[in-house]
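**Q** I'd like to ask you about the structure that follows.
A short reminder: the numbers here are calculations on the coordinates, not readings from a lab. This one's a predicted model, so the numbers in the text were calculated from it and none came from an experiment. Virtual Cβ from ideal backbone geometry, glycine too; neighbours counted across all protein chains shown.
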Ligand code: SAH
């Protein structure tokens, strides 16, 4: 059985060195966000099923995406695809103000329960379609999508702060996608390829 400390050591070996990210991953109990049947393997470096055809992302990918957001304590972050609430908990643990949207009601309820019982009060969660973002709390210094659309939703770019970062997998549904870091610079964007990934589709 892999421990939380071993999981974080592996993530560091694989190249994510951001201390705030690694520390948050040492603090957040991933075993509380996975289905009870998978609790024994909660700290292995692989995605796990959440039910409803969805998955909690692989820990290394959570770390990579979180580090790519380049956030500072107190920043506002929007997450599209709450799932279990684990990624939101990592961001909250790092001191961010987190807004997160989930479209599957059962997962929304589970995430709300998980975050509440673990005391993550800096997370605001909503049931809805994340492709439209959440204009009410914009602009965001960071936006993270944990489900993959075929192209970047314009609303997410619009809701980024000047210099803000969007980390999002883009590609065909049911296949592999490319993970992009998109930086908003004035009316322009700069895109950085972070490598190949496999996410559930943003629908
Ligand atoms: N970040 C999650 C993993 C998410 S899996 C975690 O830490 O556990 C991707 C999630 O995106 C799924 O729960 C799926 O239901 C959700 N999703 C897919 N399309 C969506 C949309 N248009 N708006 C909001 N959520 C969506």
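**Q** Nearest 0.05, what FRET efficiency do residue 150 and residue 23 give at R0 = 41 Å with Cβ-Cβ as r? Let's see the in-between values first.
**A** Numbers: r = 35 Å, r/R0 = 0.86.
After rounding, the FRET efficiency stands at 0.70.
**Q** Over the chain, what is the relative contact order in percent, taking alpha-carbon pairs closer than 8 angstrom and at least six residues apart?
**A** 16
**Q** While we're here: Return the single residue from 193, 18, 45 with maximal mean-square fluctuation; model: Gaussian network over the chain, springs between Cα atoms under 10 Å.
**A** 193
**Q** How would segment 1-126 be classified by its alpha-carbon gyration tensor: rounded, prolate or oblate, with rounded meaning a/c under 1.5 and the a/b versus b/c comparison settling the rest?
**A** Working: a/c = 1.70, a/b = 1.08, b/c = 1.57.
The shape class here is oblate.
**Q** Between the alpha-carbon centers of segment 1-56 and segment 120-184, tell me the distance in whole angstrom.
**A** With segment 1-56 and segment 120-184 each reduced to a Cα centre, they are spaced 22 Å.
**Q** Please report, for the Cα atoms of segment 47-203, the Rg to one decimal and the Dmax as a whole number; what are they, in angstrom?
**A** 14.1, 41
**Q** For the chain, what is the mean residue ellipticity at 222 nm derived from helices alone (per DSSP H run of n ≥ 4: -39500 (n - 2.57); sum divided by total residues; nearest 500 deg cm²/dmol)?
**A** Estimated from H runs of four or more residues: -7500 deg cm²/dmol.
**Q** Please give the FRET efficiency for residue 35 paired with residue 185, using the beta carbon to beta carbon distance and R0 = 30 Å, rounded to the nearest 0.05.
**A** Numbers: r = 41 Å, r/R0 = 1.38.
Here the calculated transfer efficiency is 0.15.
**Q** Here's another thing I want to ask about it. Rounded, prolate or oblate, given the Cα gyration tensor of segment 110-174, with a/c below 1.5 counting as rounded?
**A** Oblate is the answer for segment 110-174, as a/c is 1.5 or above yet b/c matches or exceeds a/b.
**Q** Rounded to the nearest 5, what % of the DSSP beta bridges within the chain are antiparallel ones? Before the final figure, lay out each step's value.
**A** Numbers: 18 of 37 bridges.
Percentage antiparallel, nearest 5: 50.
**Q** Order 78-90, 98-110, 171-183 from most to least packed using the mean count of other Cβ atoms within 10 Å.
**A** Numbers: 78-90: 27.0, 98-110: 20.5, 171-183: 15.6.
Ranked by mean Cβ neighbours within 10 Å, highest first: 78-90, 98-110, 171-183.
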